[in-house]
Amino acid sequence: MPTQVSHLPEPTPPPADTETMKIFMGMLAHEMRTQVAGICTASTILLEERGTGKRVQQYLSHIKYSGEDLLHVLDNMMATATVGNGNLDITLKYTRVQLREWLKFHLRQYNLITAVRDIKLKTVVHRSVTEYITTDVIKLGQVLKNLIDNAIKHSPSNSQISIVVHPLGDNRLIFQVTDQGVGIPEDKTHLLFSPSSKLITGLPEQV
């Protein structure tokens, strides 16, 4: 009697929207992780210190700024990102902002970590850059924060990180972040813009 062999149906691939949602959630988790880690680190150090001096106030300010910034990022991503037909569409919420003042305020969040790590942040805005720019300040802040966070993570103590802004033409600007770390290995540069790719292990945390 011939043997009957049953074939299991091929697994159905996940819908395109499901895969796109995974990408979006990965992006969201990445943005949240940095802010939450900063809050946890500052809170831990604050709990271990005594007194109400200037240093304690710095930690409290850092916690407050990180929490508020996290809320702004979440609100912005929820309001500007849509998933449909397998596509992740992100729109921009443009506002007019005074660039130099915004940049100065944005960099205050690093006062604590750079002091502890003995790292200097140097900011140079080319004089030909206009006073006001129109951009999505939340998304610009996210990009700049990721670059500076990585620069701090991979910078040795007693070093300098430079943030340079200069015009690129056609009403565009380039933000250039340079550190004195070891850099990205040449054999991993092709992974630079791949989601969730870890290109190099950072220096031990010294906070």
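Each value in this text was obtained by applying a stated rule to the coordinates, not by laboratory testing. Just so it is clear, the model here is predicted, and its values are computed rather than measured. Cβ placement follows ideal geometry from the backbone for every residue including glycine, while neighbour counts extend to all protein chains displayed.
Within straight-line reach of residue 64, meaning a Cα separation under 27 Å, sit the following lysines at least 8 residues removed in sequence or on another chain: 54, 93, 104, 120, 122, 139, 145, 153.
Between residue 32 and residue 164, the modelled labels are 3.8 nm apart [label points 7 Å from Cα along Cα→Cβ]. Given their separation in residues at 0.36 nm each and the Cα-Cα distance between them, residue 124 and residue 107 gain 4.9 nm when the chain is fully extended.
With a Förster radius of 35 Å applied to the C-beta separation of residue 132 and residue 19, the computed FRET efficiency comes to 0.30. The Cα-based radius of gyration and maximum Cα-Cα distance (Dmax) for the stretch 93-195 are 14.7, 40 Å.
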